[in-house]
1. Applying the selection to the stretch B:271-299, what residues are surrounded by 21 or more Cβ atoms within 10 Å (Cβ to Cβ), in a loop (DSSP other than H, G, I, E, B) and touching a helix residue (DSSP H, G or I) at 6+ places or on another chain (Cβ under 6 Å)?
2. State all residues of the stretch A:176-199 that are at pLDDT 95 or above and part of a loop (DSSP other than H, G, I, E, B); if no residue qualifies, say none.
3. On the given criteria, is A:Ala80 hydrophobic (A, V, I, L, M, F, W, C) and either over 20 Å from A:His202 (Cβ atoms) or surrounded by fewer than 17 Cβ atoms within 10 Å (Cβ to Cβ) (or both)?
4. Would it be correct to say that B:Tyr363 is within 14 Å of chain A (Cβ to nearest Cβ), in contact (Cβ under 8 Å) with a residue 24 or more places away in the chain and among the hydroxyl-bearing types (Ser, Thr, Tyr)?
5. For the stretch B:65-72, state whether one or more residues are of a type outside the set (A, V, I, L, M), buried (at least 24 other Cβ atoms within 10 Å of the Cβ), in a helix (DSSP H, G or I) and more than 14 Å from chain A (Cβ to nearest Cβ).
6. Sort out which residues of the stretch B:315-340 are in contact (Cβ under 8 Å) with a residue 60 or more places away in the chain and either within 15 Å of B:Gly303 (Cβ to Cβ) or among the basic types (Lys, Arg) (or both), and write them in order of number.
7. Report yes if A:Thr128 is among the polar types (S, T, N, Q), closer than 22 Å to B:Gly242 by Cβ and surrounded by fewer than 24 Cβ atoms within 10 Å (Cβ to Cβ), otherwise no.
8. Restricting attention to the stretch A:73-97, which residues are more than 14 Å from chain B (Cβ to nearest Cβ) and closer than 19 Å to A:Ile428 by Cβ?
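The values are calculated or read from the model by the stated rules, or taken from the named source; none is laboratory data. None of these values were measured; they are calculated from a predicted model. A quick note on method: Cβ atoms are made from the backbone with ideal geometry, for glycine too, and the neighbour counts reach across all protein chains shown.
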2 protein chains.
Amino acid sequence: MDPAQSEAPAPRMSRRGLLALAGVGSAGAVAGLAAGLLTQDALAAAATPADAGTGDVVPFHGPTQAGITTAAQDRLHMAAFDVTTEDRAALIRLLKDWTAAAEAMSQGRETGATGAVDGPYDAPPEDTGEALGLSAGKLTVTFAFGAGLFEKDGKARFGLEGRRPDALIDLPHFPGDDLQANRSGGDIIVQACADDPQVAVHAIRNLARIGFGKARVRWSQLGFGRTSSTSRNQQTPRNLFGFKDGTNNLKAEDTDLLNEHVWAGPGTRSGEAWMQGGSYLVARRIRMHIEIWDRTSLREQEGLIGRTKSEGSPLSGGKEFTSPDFSLKGKDGEPLIGMDAHVRLAHADQNDGVRMLRRGYNYTDGSDGLGHLDAGLFFIAFVKDPRTHYVPMQMAMAKQDTLALEYLKHTSSALAAVPPGVQPGGFIGEGLFR
Amino acid sequence: MDPAQSEAPAPRMSRRGLLALAGVGSAGAVAGLAAGLLTQDALAAAATPADAGTGDVVPFHGPTQAGITTAAQDRLHMAAFDVTTEDRAALIRLLKDWTAAAEAMSQGRETGATGAVDGPYDAPPEDTGEALGLSAGKLTVTFAFGAGLFEKDGKARFGLEGRRPDALIDLPHFPGDDLQANRSGGDIIVQACADDPQVAVHAIRNLARIGFGKARVRWSQLGFGRTSSTSRNQQTPRNLFGFKDGTNNLKAEDTDLLNEHVWAGPGTRSGEAWMQGGSYLVARRIRMHIEIWDRTSLREQEGLIGRTKSEGSPLSGGKEFTSPDFSLKGKDGEPLIGMDAHVRLAHADQNDGVRMLRRGYNYTDGSDGLGHLDAGLFFIAFVKDPRTHYVPMQMAMAKQDTLALEYLKHTSSALAAVPPGVQPGGFIGEGLFR
């Protein structure tokens, strides 16, 4: 262990005053650690390097939004809001308020000027308080605009005539889709990711509170286990099929590939100027029939995926990060990676070279009423243009991928334009309103 | 920081062989930490003291089940199973298999003899694999038997005539109850708690896999933020009203009080011999109307709770753990803690001195379809006898507690008898089948 990392972090204020007040948080955590109290929160806080008091803070400002190439945090709360006001000024006010709140929460601060406990005693608090004493938890809050923000029932909204990006299509129906309308779509989609679910839930909940009277929650989804790495410093996690997922994902370090496949803006087919530094978010709730999967042989499981279950190596040989050899054949003359293997159908070589940055999570939402867990993968991807980077691949998989045909069911869908990052003093999506 | 804690833990096997294979887990985590990779998993593993390679393992065997007085972990997956077989031997086989699996998973091992990847290639794996490479995560698996295991439709099952404990009552209807049948009841209830939700979900999922053909999932519930401390070493967490919750909870250190209020068995009114070392589990899904709460003044919020929002101190003065003074009056002659304050109505002084060990979690399950988050508290309590230790208090609160009347709605309910702990070679609930 690096000795510097065993130093106590400098005490810092977070969630205004409460750390000092209650003796919890980073300073309290170190005390807790010394006393042998090995809570995860204490460890996370205590291990923050002394010279980086913001070790659990992901910067909010930048040319692109946080929460895309940010090393994928462990927990997700994503929500879609329907904007209920039709007033352009009210929408802009909402986006400004949400921007300020997202910035504050990303830094581990409360929302509003007076937070949960320091405001007037006879007014509702400006923060809901359940994150008091918790660290920033690497929170990122990422906003995206659905088609419904631009137009509804064929009519433009908020004076945004002609501003809907061409790439913000209505997704086609894919074979096997079984979409639930009340889990799909939404005018504004917000992805909150953090290492602590209470921090992520607090973020969405306070945006809902701030949006009262202007926006309402259409759907919300928790995710608990990231199913992709977005940094070469992360281990590849496992999905609920028990396989490593996202081995071949685009990573933050792949700057050229990110420019080619993830970032939208001028010079691209989705070239609206206000989308410079933006992207497109695809979210799909994919129910996994895990009970059927669990009664399938290891041979069939590996064949369907095209990788080993233990290490995630391609069935053509090598280790996890070895490139699959789709032409290599076994003694029986058949390709070692089957023609319908998921790794083949999802691979860039089979999809005109397109790549995506995946950022999905495992989910378990109670039971299905039929004796099974309602569990699966909440798929999230960021792409330059869904017309080239999502629709063709998903159409091919929905038609040919045995895994998709027999073990998966898409139960929700959303597509939204991710505006670029915010500069200090700016607000999310401001280019759209110029 | 204690220097001993910055030592690398002794490499240990966990999730059979995979740690060594993939270079992750405790040993890998230390390497990761040295390389500056501050994942929570790495931190949790690396901070395990060198002389306690089992720092993230909660012992499975003992006179009482783990997961009751165990310091409350951060995450919950609870599920209720309906037993579909009527064969006594099959039920006993299931309980034996579940016991073995729970013991293995509690130790960070896979289920079955060959786990996820080491079994015959043409058979379904004996573990589902999504916890490969993860630590034991302080997993506890706690089993409880609902009334439906003893009798259904007025007929005894499994030869258990006359064995249903008197204390395992059918809970009465409480005013305001809005219970969903498909989220309530269940023949066997399993509480899986861990510091990593993927570990807790893996546990329930593998029990469901093992139970195929004998038991099916009736309901399942995730929880993300513990709302009670069960050890004096833990900070009091906050619920989704933003208040500290469970300040006055029974703790593991209160051994006399636990004997008085939590543990069942001979010499008590619920005195069946097989319940020696057992308890009763009450689970209630309590929807919080957080949107209305968030528009309520700080004054009203504190008045309804009877404590300050910042520190959780009683409104009669002092600090968090100061005993409330229910008789103390303010200048206006009114009691500082109102007659309908939650802390008053829930306090032992108002409830014949009864106490409970609470072990609930915050939950957020999507949205309610009406523009709001479906969020609240998944209440869990362990009590000696629900007739004395739950029903009277809940009846009083349902009738008088303004908080309950205006801001809470009970949407599910379950009561189950928690058998005692398991000794090596035994199985859960074996006393019931003697």
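1. Within the stretch B:271-299, B:Asp294 is the sole residue that qualifies.
2. Initial filter on the stretch A:176-199 (at pLDDT 95 or above): A:177-199.
A:Asp177, A:Asp178, A:Leu179, A:Gln180, A:Ser184, A:Gly185, A:Gly186, A:Asp187, A:Asp195, A:Asp196 - these are the residues of the stretch A:176-199 that are at pLDDT 95 or above and part of a loop (DSSP other than H, G, I, E, B).
3. On the way: hydrophobic (A, V, I, L, M, F, W, C): yes; either over 20 Å from A:His202 (Cβ atoms) or surrounded by fewer than 17 Cβ atoms within 10 Å (Cβ to Cβ) (or both): no.
It is false that A:Ala80 is hydrophobic (A, V, I, L, M, F, W, C) and either over 20 Å from A:His202 (Cβ atoms) or surrounded by fewer than 17 Cβ atoms within 10 Å (Cβ to Cβ) (or both).
4. yes
5. No, the stretch B:65-72 has no match at all.
6. B:Asp340
7. For A:Thr128, the condition - among the polar types (S, T, N, Q), closer than 22 Å to B:Gly242 by Cβ and surrounded by fewer than 24 Cβ atoms within 10 Å (Cβ to Cβ) - is not met.
8. Looking only at the stretch A:73-97, we keep the residues that are more than 14 Å from chain B (Cβ to nearest Cβ), and these are A:86-97.
Once the filter is applied, which keeps residues that are more than 14 Å from chain B (Cβ to nearest Cβ) and closer than 19 Å to A:Ile428 by Cβ, the stretch A:73-97 yields A:Asp87, A:Arg88, A:Ala89, A:Ala90, A:Leu91, A:Ile92, A:Arg93, A:Leu94, A:Leu95, A:Lys96, A:Asp97.
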